[in-house]
Every structure is written in C-alpha cells, then in structure tokens.
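Right, one structure below, let's go through it.
The values are calculated or read from the model by the stated rules, or taken from the named source; none is laboratory data. Quick caveat: nothing in here was measured; it's all calculated off a predicted structure. For neighbour counting, all protein chains shown are included, and Cβ atoms are generated from backbone atoms with ideal geometry for every residue, glycine included. Surface accessibility is based on the protein's heavy atoms, side chains included, excluding ligands, DNA and RNA. Shrake-Rupley method; radii C 1.70, N 1.55, O 1.52, S 1.80 Å.
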Amino acid sequence: MEELSAGPLVPAVVKPEASRAAAAADTGASAAASGDTFPASTSEPDKDFLCPICMQIIKDAFLTACGHSFCYMCIITHLRNKNDCPCCGHYLTNTNLFPNFLLDKLLKKTSARQISKTASPVEHFRQALQKGCDVTIKELDTLLSLLAEKKRKMEQEEAERNMQILLDFLHCLRKQKVDELKEVQTDLQFIKEDINSVEKHRMDLYRARDRYSVKLRMLDDSGGRKSWHSSLDKSSSGLISSPLNLRGGLSSGSHTKKNDGKSQINSHGHGVQRRDAVTGSDSPHINQSGLALVRKKRVHTQFNDLQECYLQKRRHAADKPHSQQERDMSLISREGYSAGLEDFQSVLTTFTRYSRLRVIAELRHGDIFHSANIVSSIEFDRDDDLFATAGVSRRIKVFDFSAVVNEPTDAHCPVVEMSTRSKLSCLSWNKYAKNQIASSDYEGIVTVWDVTTRKSLMEYEEHEKRAWSVDFSRTDPSMLVSGSDDCKVKVWCTNQEASVLNIDMKANICCVKYNPGSGNYIAVGSADHHIHYYDLRNISRPVHVFSGHRKAVSYVKFLSNYELASASTDSTLRLWDVKENLPVRTFKGHANEKNFVGLTVSSEYIACGSETNEVFVYHKEISKPLTWHRFGSPDMDDAEDEAGSYFISAVCWKSDRPTILTANSQGTIKVLVLAA
C-alpha cells in the first residue's frame, strides 16, 4: 500500500500591519536593552530629546557645528557614509562634532524625575539612605516596627490564600470521591442483584437436571425389570418342558444372571453419574471441569477488559428509559436477568468458548509458472460452498471448500480458474447471483466475471490509477462500488457501461464497503487517515467523518448495520458506531505498518493479519487478542526468519461460523477453526 507523502506547507502571508507591529516590537526591545526608555505610565518624551537618526532618547549627546544634537554612535556611523548633517544637509566632518554636556545633564535629570515619580516608597527610602539622609534610632525603630507588622500581615494573607487553595482542592477531591463512591455503590448494587439472579437461575438448572436424572433412572429401572421377568419366564419354561435339558437350563440361568448383572451395572452407573453431578469425579465431568478451569483462566487473563465490558453494559441498560427497560425485561423474564447482564453473559460465553486456532486444511496458491504468490484477496461465495482467491499472479482461482477440507491432498486444483491482464487487488462475490464475482486490479479496471462461463460480463475502465477495492451491494445485486488511487469512488451498475456516481476526494482511496442493511450508505477508507461515511443520495458531503487512526485506513468492514470495523497501518483496528457516529473500541496486538494484511468480521469476532506472519482474532467487546496463529515452519528458528520475510495478506470468515480462511504473502492458504 502506498501512502501519500506529506505535502509542503503553505507559507503564511505576513500583512503590512503585522510587519510594522513587528518592527515596532523590535525597536522597543532594542530601546529597552539600551536602557533609554521612559516608563510606560508616563507621557511621551519631548521630541527635542530624540535623536533625529534613531528616533530614540539621545544617548551620549554630541552637537554639530550647525547646532543639531545626535547620539554619538548615530552621527559617527552616518559620517562614515556621508559628510553632511542629517537635519539640514550642511557639510559636516568628525572635526565639527562637540560633546553636548548641557543636554546630557538635562536628560539625566529628566530621567531621574521620571523614575522618582514611578518609584515605590521603598525605592525612595533606599535612595534617601544612599544619599546619606540623617535618620535617628527612634525613627529606625518605628520603621522596623511598621515593617515587622507589614510582614506579619502579608504572611497572614499568604497563609489564608494557601489555606483557601487547599480547602478548594479538598472540596473538589471530596466531590470527586463521593461521585466515585456513588458509582461504586451503584455498581455493587448491580453486582448484588445479578449474583442473586444467577444463583436463582443456577438452582433452577440443578433442579431441572435432577428431575431429568430421576426420570432417566426410572426408565432404565423399568426396562431392566421387564428384561429380567422375560428371561426368567424363558428359563422356567425351558426347565419344565424338558427335564433332560439341564445344560440348556443352566445356560439360560447364567444368561439371566448376566443380564441381571448388566442391569445392575447400568443402574450403578446412573447412581455414580448422579453423585458426580455434584462432586465432578466422573471422567466426562473431569473433562468438563478441566474445560471450566481453562475458561476461568481466560476470564482472569482479561479480567480488566471484561470488568469494563460488564459495567458498561450494566450502566447502559440502567440508563435506558423505563419503557425500554420493561420491553427488555419482557424478553428475558424467564431467566430473571437484566438486559445488561444478558448481554454480558453472551459476551462472556463467546469470549471464553475458544482459546486457539486449529489448522484443518492447507494448500498452496502458487504454481510453477508464477513466482509471485501473494494472495491479495480471499472470499466465500453466497452459500459458502466455494471460495475464490486472487493476487499478483494475475489469476482468479475458485476452490470447492468441502473438497479442500475433506480431501487430504497437498495440491488442490481449483474448480475454476480465470486469467487477468493485471495484478489483482480485491474480489467481491455477488450475494444474490452465485455465479458472479467482481475484481479490481492494478490498472484501475473493475471487472464483473461469470464464474460458470469463465468470461467477463462487464469491464469498467474509468479509474485512472490502481483500484484497491470493490464491493457488491447486499441489497441491490446490480450495484457495486470501487475506490482507487486516483482519489475517486465510483458506483457502478451491471446494467450500464458507465459509472452511475462519482465521488471526488482529496486522498487515495484504500477501501470501500456497502452497508449490509442499505444500498444507500457506503464507508470509504482513505490515505488521509479518516473513514468517510456517505449517503449516496447526497454525495456533496459525507454523513460523518470518523477520525482516530494515525495512518492510512486500509480496510473497512461492517459487523452489522450499525457496527463498522476499520484497519490501519498504525497497527490498530477500530470499531465505530455509524448510527451514533461514535468510536467504540480500539484493538491492539498485531503489527501492521505498511502492507495490506486483511480484515474480516463476523457478528462477534474480528480477525486480521499481521506483518509477523500471524493471524489475530479479537472479540468485538475486548481490545486485546482472543487468540492468534503463526504461519510458517514448525522449527522456531525458521519461523522467526519467515516472520520477518512474509506477512498475512488476506483473511475471510465463513459466515457466522468459527471457520476462517487465511492466506499469506508466500502463497500459503490455511483453513483455521476456533477451538476450545
């Protein structure tokens, strides 16, 4: 993926007024440095005291033969270039300059008077002492007493101010802690209510299980008695009918004992099962107990995130209007749960259900004719029966998913293969017409293919640069959208040869996606680090621009009609609420700084690739990875070497099932399944 480089900064236009203000500021600064300024509170100095050259108070005054006074350095500098008076133009040389002692004296007196007018009483007193003013000891004692009293008063006022600041801080802190305490008390009340609800529901489950066990045991006991009576009748009839059939009678008797023993074993087995339902000592229950421990460990590992999720959902449910709460409670009244607890239980169940990714199939995408094997896109068809791959090998390959998973061969042949003129960047199946698939390529061409005939139905060549993304609408099968490096988003109709809509943007388009619930809304990920959400009925401006990523947005995918996930080369995924136009969560854990590594979503899970040659799976409610899987050699050294050379390039969920297709830049495709 190529990002736009930062353009040059536009120079700021400096206005003449600003220039003059800056010059005045510089002049004031130089004057302050020279010490020849009058206090700001006084009136402007007499113009006769200003040097005609520098327009500042004359410093070290010198008089010319023509009667004009200047600063010594000013007039000397002037005479180095010209031999005339700056005021009257008379001929003038250095020999015609004389010190102006009178003006210097007047300037010093004027400056002293100005200072005395603005000086503080302390300054006056200090000057008087420096001049040798006579002061008696009694007067000094009086002054010292006054100064001590003044000092105490100032210290008292300073202490009062400090106490007031401290008191304000403590009041603010108390208010904050009281608010936190109220929040904690509310949360504790939620937890208490939920504990009672869960305990009640658990006891109901125990009672239901006990009733089921009793019924099952009664059925087994009834079946055992019937078999015992039938065997007894058979043995009795055998003994009576033939007294010589002693061996047969014994045989029947032993068979009866055998059946009776089996019945006792079954009965004993059910008794053990019932006891182990409480103690958990039976082997199936040991496995269940072990699984429960593993799930508890997952909870403790992500406890902080789960805690935040629980409190957020519980508070949100409590903040709903009363009518909405009643509707929610009516839906779950059979369990006695609050709406927030019900939501969180669903999150907890789906989060702890899986802990790893297991490989169930693997195949190679490359062939002997093409050394470039990067898989740029991998997508399931409408019914999840077929999946298609595309990449830099300039081929679209369609595989039978069932054959890939169930037939243990190293080399799986595609059921359909179509060649293209350019490297491919993206695929999108039509969700209504099973045989249609769209592709975008590096030459900017968007093509709609018929998989059955292996021929293109439509080719759109309006993009001027590489097209990164294409997507069919889920609500209107004839509409599709594409985005390109030419900074344009184009909407196409399979019944027309030209684009239907055109959106001009200011940065490269990296990804586009239709909202699954409406053909009027699309999300656009751009190299400007933003996601632009458009209503196609009014493309003059986006409905909302989602900001938060620090680099280009490489993928956008909808989890639902209102939930949008995005991936960026800032190594984060983000979840957005397109209904409320709010950020929801940021996911971190994978590495992605320069490549397209893939993004896929289901109703609960988000998966993406990483530049460490790993696949990461996130639960949408938890910001840290749920699990991950590394491609490459089992040998750790080789795996580390490959991690630096290869990256995951495409991922795709199989509808809402725990199966995911993954591919990397080496051309390896793996079918992974979430496992406990």
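Q127 - would you say it is out of contact with any Gly (no Cβ under 6 Å at 6 or more places or on another chain), open to solvent by less than 80 Å² (accessible area, probe 1.4 Å), within 30 Å of K47 (Cα to Cα) and not assigned by the TED database to the domain that holds I57? Break it down into steps so the answer makes sense when it comes.
Details: out of contact with any Gly (no Cβ under 6 Å at 6 or more places or on another chain): yes; open to solvent by less than 80 Å² (accessible area, probe 1.4 Å): yes; within 30 Å of K47 (Cα to Cα): yes; not assigned by the TED database to the domain that holds I57: yes.
Answer is yes for this residue.
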Unmet criterion (only one of (1) out of contact with any helix residue (DSSP H, G or I) (no Cβ under 8 Å at 6 or more places or on another chain); (2) at pLDDT 90 or above; (3) open to solvent by less than 70 Å² (accessible area, probe 1.4 Å)) for D104: (2)
Pairs, first open to solvent by 50 Å² or more (accessible area, probe 1.4 Å) in segment 64-85, second modelled with pLDDT under 90 and assigned to a helix (DSSP H, G or I), C-beta under 8 Å, six or more apart: A65/N96
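Check V556, V500 and return the single one that is in contact with a Cys (Cβ under 9 Å, 6 or more places away or on another chain), closer than 30 Å to L457 by Cβ, open to solvent by 50 Å² or more (accessible area, probe 1.4 Å) and in contact (Cβ under 8 Å) with a residue 12 or more places away in the chain.
Values: V556 fails: open to solvent by 50 Å² or more (accessible area, probe 1.4 Å).
After ruling out the rest, the residue left standing is V500.
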Positions within segment 402-430 being touching a strand residue (DSSP E or B) at 6+ places or on another chain (Cβ under 8 Å) and over 14 Å from V451 (Cβ atoms), in sequence order: V404, V405, D410, A411, H412, R421, S422, K423, L424, S425, C426
Index of the failed condition, R474 passing every other in (1) touching a Pro at 6+ places or on another chain (Cβ under 8 Å); (2) at pLDDT 95 or above: (2)
Matching residues, segment 592-635, being more than 17 Å from the chain's Cα centre (by Cα) and hydroxyl-bearing (S, T, Y): S602, S603, T612, T627, S633
Every residue from segment 453-476 that is closer than 17 Å to S428 by Cα and not hydrophobic (A, V, I, L, M, F, W, C): R454, K455, S456, E459, Y460, R466, S469, D471, S473, R474, T475, D476
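Residue-wise test of (1) in contact with a Lys or Arg (Cβ under 9 Å, 6 or more places away or on another chain); (2) in a strand (DSSP E or B).
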{"position": "S422", "(1), (2)": "yes, no"}
{"position": "K431", "(1), (2)": "yes, no"}
{"position": "M458", "(1), (2)": "no, yes"}
{"position": "V489", "(1), (2)": "no, yes"}
{"position": "W492", "(1), (2)": "no, yes"}
{"position": "N502", "(1), (2)": "yes, yes"}
{"position": "K506", "(1), (2)": "no, no"}
{"position": "P516", "(1), (2)": "yes, no"}
Among (1) open to solvent by 60 Å² or more (accessible area, probe 1.4 Å); (2) free of Cβ contacts under 8 Å to residues at least 40 places away in the same chain; (3) under 30 Å from L147 (Cβ atoms) - the single one T118 does not satisfy: (2)
Inter-residue pairs, beta-carbon under 7 Å, first in the same structural domain as R315 (by the TED database) and closer than 17 Å to L341 by Cα and in segment 167-189, second in a helix (DSSP H, G or I) and of a type outside the set (D, E), 6+ apart: D187/L311
